[in-house]
Amino acid sequence: MTEFSTAAQPISPQQHDVEDTLVETVLASFGNADDERLKFLMRSLTGHLHAFIREVRLTEDEWHTAIEFLTAAGEITDEKRQEFILLSDVLGASAQCIAVNNQAYKGATEATVFGPFFVENAPRIELGGDIAGGASGQPCLVEGTVTDTEGLPVPGARIEVWEADDQGYYDVQYADGKVFGRAQLFSDANGEFRFWGLTPTPYPIPHDGPVGMLLEAVGRSPVRAAHLHFMVSAEGLRTLVTHIFVRGDELLDRDSVFGVKQSLVKEFIEHPPGTPTPDGRDLGNRAWSQTRFDIVLAPSGT
Ligand code: BEZ
Ligand code: FE
């Protein structure tokens, strides 16, 4: 069996001094930065990095492997594929950054990860319209309200929604350039909204690159709990980036990017084929589902 150690190994006082002196020299090297925030960030980052290297007694082989990993992440990254966002996501860094920057405020809806599949200027639909755009999947009626934390309706909130088809792919992952599974709509005078989408299904994050290899090496699955993405923005209110998840989904407690929050898990009521829809939509002989998402936006600057 390969010998390895996870415990700190004793080092001599002289060696300790050598390592300490290097850290101090490196931290001092940022002293001329005009930007105080940058100076602070670089000192903290390098301080933690050196502490990590020293704590785990990182071998040179391990450091080279890490550099090769980052190089491979850079090589696979292009306009459509962002391996560094995936890395941030699977390390929980995206979720932590969101937690730090979207602190709980009264009853405001919780934020979660953005993911790499948002597209600006998605097709505009009217209330009650269909975001599916021909994508395969079970129709799902989504209804809700947008209010502020005082309970007042927010008319005219921009609601951008996007989701994968039931094959587990977003439109931008196909080569045909078709747009589906995404739209923008606006809440009405009462802050209400409704649209047809697809019942969310689980799918893996892209895992054919270095991040996928890392997940495999540590015995983790790339699959995300089924979800539907939202970005909701309105004048004077904090923009909310979030998802809703499906109650009962067995992946809720092992989402590959740590995006699940209990408050975002919603009941999706299943209706058998032939059940009339509230808006009289003709779904032929298809089953459909229905859910509700009442969105509460915090004030800007909170
Ligand atoms: C997504 O939900 O679309 C997603 C989030 C993080 C990484 C990859 C995909
Ligand atoms: Fe997603």
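None of the figures in this text is laboratory data; all of them are computed from the coordinates on show. Keep in mind the model is a prediction, meaning the values are calculated, not measured. Quick reminder, even Gly has a Cβ in these numbers, built from the backbone with ideal geometry, and neighbours come from all protein chains shown.
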- request: Count the DSSP beta bridges whose two residues both fall in the stretch 94-297, then state the antiparallel fraction as a percent rounded to the nearest 5.
  value: 70 percent
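Report the relative contact order of the chain, percent, no decimals, based on alpha-carbon pairs under 8 angstrom and at least 6 residues apart.
Across the chain, relative contact order equals 19 percent.
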message: Classify the stretch 152-201 from the C-alpha gyration tensor, please: rounded if a/c falls under 1.5, else prolate or oblate depending on whether a/b exceeds b/c.
response: prolate
query: So if R0 is 35 Å, what FRET efficiency would VAL23 and SER263 give, r being the distance between their Cβ atoms, rounded to the nearest 0.05?
result: 0.25
- line: For VAL56 and ASN285, extending 7 Å from Cα along the Cα-Cβ vector and measuring point to point gives, in nm, a value of 5.7 nm
query: Roughly how big is the stretch 13-85's charge dipole about its Cα centre, with Cβ charges of +1 (Lys, Arg) and -1 (Asp, Glu), in debye to the nearest 20?
result: 240 debye
field: Gained length - ALA189 relative to GLU143, 0.36 nm times residue gap less alpha-carbon distance
entry: 15.1 nm
R0 of 30 Å, Cβ-Cβ distance ASP78-SER221: FRET efficiency to nearest 0.05: 0.75
query: Separation between the SER136 and PHE69 pseudo-spin-labels, each 7 Å from Cα along Cα→Cβ, expressed in nm?
result: 3.5 nm
message: With +1 assigned to the C-beta of every Lys and Arg and -1 to the C-beta of every Asp and Glu, and no other charges, what is the dipole magnitude of the stretch 94-297 about the Cα centre in debye, to the nearest 20?
response: 260 debye
task: May I ask which residue of PHE52, LEU70, ALA33 lies farthest towards the positive end of the charge dipole of the stretch 13-85, with charges of +1 (Lys, Arg) and -1 (Asp, Glu) on Cβ and the Cα centre as origin?
output: ALA33
- prompt: For the stretch 52-178, what is the relative contact order in percent, using Cα pairs closer than 8 Å and at least 6 residues apart in sequence?
  reply: 16 percent
task: Quickly estimate the mean residue ellipticity at 222 nm for the chain, helices only: each DSSP H run with n ≥ 4 gives -39500 (n - 2.57), and the total goes over all residues, rounded to 500.
output: -8500 deg cm²/dmol
task: Pull out a ≥ b ≥ c, the square roots of the eigenvalues of the alpha-carbon gyration tensor of the chain, then state rounded if a/c is under 1.5, prolate if not and a/b is larger than b/c, and oblate in the remaining case.
output: prolate
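Working out 0.36 nm times the residue gap between THR46 and TYR105, then minus their Cα-Cα distance, what length gain in nm do you get to one decimal?
Answer, rounded to one decimal: 18.0 nm.
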field: Charge dipole of the chain about the Cα centre (unit charges at C-beta), most positive-ward option of ALA183, GLN167, PRO153
entry: PRO153
message: Using the crude model of +1 on Lys and Arg Cβ and -1 on Asp and Glu Cβ, and no other charge, please compute the dipole size for the stretch 152-233 relative to its Cα centre, in debye to 20.
response: 180 debye
query: Is any helix in the chain, taking whole DSSP H runs, at least 20 angstrom long along its axis by alpha carbon and on average at least -0.5 on the Kyte-Doolittle scale, and which ones?
result: 13-28, 36-56, 60-76
The stretch 159-234 versus the stretch 246-298: alpha-carbon centroid distance in Å: 14 Å
